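Input: a single structure, listed below in structure tokens.
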Amino acid sequence: EHMERVEKYLKRPARQIAYPMEDDPEYKLIVASNALLSAIDDEQTAVHRFVAELYAKKFPELESLVPNRLDYLAVVDRIRNEMDMTVVDLADLLAPATVMVVSVTGSTTSGQPLADAELEQCLLGHAEASALEAARQRSVEFVESRMEVLAPNVTKLLGPGVAAVLMGLAGGLTAMSKIPACNMQLIGQEK
């Protein structure tokens, strides 16, 4: 439902937010989108952790070789249960040096092929993380597209991406405006 509303607003041009901002439905959606970005990040981490634990039976070293969680899940999807790493093409997923290390390590790993049910769970994890990433990208696009209208000064100083993250961490524009300057540098210090 949230993403449907984001898509609807993305089709419209950015407009001036009505005052008081807290009552404007588009502003509420912007704030909710910022909160959703954090939730998506947490969920992607959980999916990655789940798949990494399952896939460690097949290729325990892979997680340390591919630290980016989305890349890791894509590599798992590509390798699947293949034991002969020379037939797996990872060139479009990883840097050439990483492809070489993964291929050599995968060929000498002590892991065993996964059961079909476990492999299916890994593949579903990759699909879930990909869908979450698509939703995250659209939410970021929506929030950034509204930052010039919502907070033009902050956007000019920091750019729409940083301004959106800053506003999201503060809990909205009104909450951000109430933060003392000496505390502003502490926003985002803790993940």
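The values are calculated or read from the model by the stated rules, or taken from the named source; none is laboratory data. The structure presented is a predicted model; accordingly, all values stated were derived computationally and were not measured. Virtual Cβ from ideal backbone geometry, glycine too; neighbours counted across all protein chains shown. Surface areas here come from the heavy atoms of the whole protein model, side chains and all, with no ligands, DNA or RNA. Shrake-Rupley method; radii C 1.70, N 1.55, O 1.52, S 1.80 Å.
Express the accessible area of the stretch 59-181 per residue in Å², computed with a 1.4 Å probe while the remaining protein chains stay in the model. If you can, show how the numbers build up before the last one.
On the way: 6290 Å² over 123 residues.
Per residue, the stretch 59-181 has 51 Å² of solvent-accessible surface.
With the Cα gyration tensor of the chain in hand, convert its eigenvalues to equivalent ellipsoid semi-axes via √(5λ) and list them largest first in whole Å.
Numbers: eigenvalues 339, 59, 41 Å².
Over the Cα atoms of the chain, the semi-axes work out to 41, 17, 14 Å.
When we measure straight from the Cα of residue 8, which lysines land under 29 angstrom away, once same-chain ones fewer than 8 places off are left out?
Leaving aside lysines fewer than 8 places away in the same chain, those within reach of residue 8 are 28, 156.
Counting every Cα pair in the stretch 1-82, what percent are over 22 Å apart? Spell out each step's value before the answer.
Values: 1592 of 3321 pairs.
In whole percent, the long-distance tail amounts to 48.
Extension gain residue 185-residue 32, at 0.36 nm per residue separation less the Cα-Cα distance, in nm?
Working: separation 153, 0.36 × 153 = 55.08 nm, distance 2.29 nm.
Value of the extension gain: 52.8 nm.
Aspartates and glutamates near residue 11 by alpha-carbon distance under 19 Å, same-chain residues fewer than 8 away left out - which ones?
In chain and number order, the partners are 1, 24, 26, 141, 144, 148.
Compute the distribution of all C-alpha to C-alpha distances in the stretch 41-112, in bins of 5 Å from 0, and list the percent of pairs in each, rounded to whole numbers.
The distribution over the stretch 41-112 is 3, 18, 32, 27, 14, 6, 1, given as percents.
Show that you can apply the helix-only estimate: for the chain, add -39,500 (n - 2.57) for every DSSP H stretch of four or more residues, divide by all residues, and state [θ] at 222 nm to the nearest 500.
On the way: 10 runs with 130 residues, N = 191.
-21500 deg cm²/dmol, from helical runs alone.
On alpha-carbon atoms, Rg over Rh for the stretch 149-191 using Kirkwood Rh? Please list the in-between numbers first.
Working: Rg = 9.8 Å, Rh = 10.5 Å.
Rg/Rh: 0.93.
Of the options 34, 48, 13, report the single residue whose Cα projects farthest towards the positive end of the charge dipole of the stretch 1-76 (beta-carbon charges: Lys, Arg +1; Asp, Glu -1).
Looking along the dipole axis, the top candidate is 13.
Taking Cα atoms, how many degrees apart are the long axis of helix 69-79 and the longest axis of the chain, rounded to 10 and kept between 0 and 90?
30
Can you give the Rg to Rh ratio for the stretch 116-155, taking only C-alpha atoms and Rh from Kirkwood? Walk me through the numbers before you get to the answer.
On the way: Rg = 16.9 Å, Rh = 12.2 Å.
My calculation of the ratio gives 1.38.
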